[in-house]
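Just so it is clear, none of the values below were taken in a lab; they were calculated from the coordinates. Computed from a predicted structure; not experimentally measured. FYI the Cβ positions are ideal-geometry reconstructions off the backbone, even for glycines, and counts take in every protein chain you see.
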């Protein structure tokens, strides 16, 4: 696909996603500005990711650190990178300077390692706690009941700023069935916030993908992670 056709296709896809986002915000009585679209580029080519940045979508999400490194080196510095997938501790040092936010804080061990490296680099890092709100055996993340027990440890984090929670609902043909998962994450965030005493903001809820992001927005998502609705057909794979 040549550059002009790619740009045209992505512009059309982006307009469709934006229309869905605006409609969901309207139904929920929210401002469109309250929701950040994170374009998931993990199956996209560098050319497609760059074209979307040119269209004004600067928040990009990657699942693998190595792929994030590769694309961050090739794309304009206006791109704002989010790591949405598993982060191994031996990849923290190289990843931290490149990312705006990590959505996959899935263990206390990882949070501690992030704290140590962020302190060494003399910086802070925004991290979301990954929650297995759907309780699927094949998913990473904290069980909801674990998170409330983490409050003393979270209060000790100084360089890591816990800005909210992230989850991925089970895939459903009817996205309405995802609503209980999103409600559970929001309610968990509210309970956790009560015990944080201002230590961490917990303002963000990263939830919702192509199939279910409208329901997530209705239930309070501040970050939606969308790949297929933007990039399907431009490359291999899907989100």
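Structure data summary
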{"read-out": "Cβ-based exposure ranking for 187, 176, 214, 115, in which fewest neighbours within 10 Å come first", "value": "176, 187, 115, 214"}
{"read-out": "Neighbour-count order for 125, 1, fewest beta carbons within 10 angstrom listed first", "value": "1, 125"}
{"read-out": "Euclidean distance between Cα centres, the range 130-190 to the range 1-20, Å", "value": "32 Å"}
{"read-out": "Volume in Å³ per residue [convex hull over Cα atoms, computed for the range 100-157]", "value": "80 Å³"}
{"read-out": "Alpha-carbon spread of the range 157-217, three principal axes, descending order, Å", "value": "41, 20, 15"}
{"read-out": "For q = 0.14, 0.22, 0.23 Å⁻¹, Debye-computed log10 I/I(0) when each Cα of the range 60-169 counts as one equal scatterer", "value": "-0.53, -1.23, -1.32"}
{"read-out": "Most fluctuating residue given options 157, 128, 205, as computed from a GNM of the chain linking Cα atoms under 10 Å", "value": "157"}
{"read-out": "Residue with peak Gaussian network fluctuation, the chain [Cα springs, cutoff 10 Å], from 188, 60, 150", "value": "150"}
{"read-out": "Using distinct alpha-carbon pairs, which all enter the 1/r mean, Kirkwood radius of the chain in Å", "value": "18.1 Å"}
{"read-out": "Relative contact order %, the range 142-239, counting alpha carbon pairs below 8 Å whose residues are six or more apart", "value": "26 percent"}
{"read-out": "181, 203, 210, 112 arranged by Cβ crowding within 10 Å, fewest neighbours leading", "value": "203, 112, 210, 181"}
{"read-out": "Percent of Cα-Cα distances greater than 27 Å, calculated over the range 102-239", "value": "23 percent"}
